[in-house]
Ligand SMILES: [Zn+2]
Ligand SMILES: [Zn+2]
């Protein structure tokens, strides 16, 4: 079924989910006292988050820097004494490479735009608009599929994953790969940090030694911190690996779970139109093609991600038609547009 195009953005309006672009319009048009109190409370939370976020960025940079200081101050002299200068150089270069990748991706994730509908030329947005787009009353613009309004940034973010307080930024179409790469290099870095203290610093657990207070406490503290961060990051990093491989974002995962359950209740199967296949999803997310894609995805790049964030690659819908003919079931592509059932 061909997609229909609205002649005017307002024609594409469908019921926006409660709380998604519909909150915050407390200007006297039909809100009850309770709703106004809730909006005020939510607004206070948004403002508090906005205030705390820069402090969290400084805290993250401070702890990473303290780890690097401890490594070069205590571990590297020990490695030089016990293993020689060649191994010292290897450890130093590897540690600096990890540090560069962590800060590079943190910087690009925090300080580059995730992509918002306000940055897209309004006419281009209207031309791309189809029947399945919703409407954001706050931005007064069409809301493409997978786009969500962030109440903290007060913008509609293209292919929004979530708002990250550690980045003081939304994670969306253009900076998602930097977010995942930050998690990846933090995962590798915190594992390396914990192991290097454990294997290369004999004083680490000699708590009875008179030297421990002076030279053992900081490495011991950083070992505990690195191991704890590695455990926390592990859960988050592998969760995002699974989301990428299945063609979903954090917010969309919740929607998709509901769609799968609804379809199952009606004896049908829901097909995610943005699931291009595990490898293609990975290549699309990190914007890597060619024979070296399996290595290139983790390398630092300043190149802007290809695509616009409001017209996203989908699977060939004719596949669904073939599946429909084969199964004899009816294919439905309702108001969701991206909701496809066989
Ligand atoms: Zn909006
Ligand atoms: Zn945001």
Cβ density ranking, 10 Å radius, fewest first, applied to 197, 274 yields 274, 197
Extension reserve of the residue 279-residue 107 stretch, reckoned as 0.36 nm per residue once the Cα distance is removed: 59.2 nm
With an 8 Å Cα cut-off and a minimum separation of 6 or more residues, compute the relative contact order for region 17-341 in percent. 17 percent
What is the distance in Å between the Cα centroid of region 118-149 and that of region 202-225? 56 Å
At 0.36 nm per residue, minus the direct Cα-Cα distance, what do residue 217 and residue 97 gain on full extension? Give it in nm, one decimal, please. 40.6 nm
Distance in nm between label sites at residue 63 and residue 292, each 7 Å beyond Cα in the beta-carbon direction? 3.5 nm
Full-extension gain in nm, residue 316 to residue 33, via 0.36 nm per residue minus C-alpha separation: 97.0 nm
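Determine, for 53, 122, 78, 208, the number of other Cβ atoms within 10 Å of each Cβ, and report the residues in order from fewest to most.
Working: 53 19, 122 13, 78 16, 208 6.
With the fewest neighbours first, 53, 122, 78, 208 line up as 208, 122, 78, 53.
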If Rh is defined by the Kirkwood formula over all Cα pairs and Rg also comes from Cα, what ratio Rg/Rh do you get for region 17-341? 1.06
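Between residue 208 and residue 90, what FRET efficiency comes out of the Förster formula 1/(1 + (r/R0)^6) with R0 = 30 Å and r the beta carbon distance, rounded to 0.05? Each step should come with its number before you reach the end.
Working: r = 32 Å, r/R0 = 1.07.
Calculated value: 0.40.
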Restricting things to Cα coordinates, could you compute the convex hull volume per residue of region 74-215 in Å³? 138 Å³
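Since every read-out is calculated from the coordinates, none of them should be taken as a lab result. Just so you know, these numbers come straight off a predicted model, no measurement behind them. For neighbour counting, all protein chains shown are included, and Cβ atoms are generated from backbone atoms with ideal geometry for every residue, glycine included.
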